[in-house]
Amino acid sequence: MKHMALAAAFCVVAVPASAWEEETDFRGLHIYTASGDGISATAVCDPDGAFIPPTNHLSVTLDGEPLDGDYLIKSSTKTHQGKMVSGSAVSRDGEDWRGLVGVLRSGSQIELTANGKTFRLDTGSAFPVSCGADA
């Protein structure tokens, strides 16, 4: 029984609250980050078309490694299943991008499951922009 409890502790990693931090780079890209113990998410949004066509992406690292492969992300109201390539999901993926951003915009309590682990991230507030998902 003790071993089962220890195994369960390794499978779910709780992350303390941290709001989406925002900065704008010299090209006009808006960069949003949220991170905690074991998980880091960085969204790069291109609202003014610094790239042609405008390209938005979300990069995720889990335990310091880029997420590569299938994942499930959910909030209290939405769920999305997708696949990241070399740690990133890109807005050119259309429906996949809209589903991913939809979850981020639907609440501050986010849960991401990949590679047999579940990470919880409390961002304090929902993702503040559509980041190209409304087009």
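Each value in this text was obtained by applying a stated rule to the coordinates, not by laboratory testing. Since the structure is predicted, the reported quantities are computational estimates derived from the model, not experimental observations. Please note: Cβ atoms are built from the backbone with ideal geometry, for glycine as well, and neighbour counts cover all protein chains shown.
For the chain, what class follows from the C-alpha gyration tensor (a ≥ b ≥ c being the square roots of its eigenvalues): rounded when a/c is under 1.5, otherwise prolate if a/b is larger than b/c, else oblate? Verdict is prolate for the chain. What is the distance in Å between the Cα centres of segment 19-47 and segment 52-90? That distance is 13 Å.
In sequence order, segment 42-47 has phi-based couplings of 10, 9, 10, 10, 10, x Hz under the Karplus curve 6.51 cos²θ - 1.76 cosθ + 1.60, θ = phi - 60°, and Gly or Pro positions carry x. Converting phi to 3J(HN,Hα) with the Karplus coefficients 6.51, -1.76 and 1.60 and the offset θ = phi - 60°, segment 86-99 yields 6, x, 9, 10, 10, 4, 5, 7, x, 4, 4, 5, 4, x Hz in sequence order, with x at every glycine or proline. For the chain, the dipole from Cβ point charges (+1 on Lys and Arg, -1 on Asp and Glu) about the Cα centre works out to 480 debye, to the nearest 20.
Defining a contact as two alpha carbons under 8 Å apart and six or more residues distant in sequence, what relative contact order in percent does the chain show? Worked out over the chain, it gives 25 percent. Taking θ as phi - 60° and the Karplus parameters 6.51, -1.76 and 1.60, the scalar couplings of segment 110-120 work out to 10, 10, 10, 10, 7, 6, x, 10, 10, 10, 10 Hz in sequence order, x denoting glycine and proline.
What is the packing order of peptides 75-88, 51-64, 117-130, taking the mean over residues of other C-beta atoms within 10 Å and listing the highest first?
117-130, 51-64, 75-88
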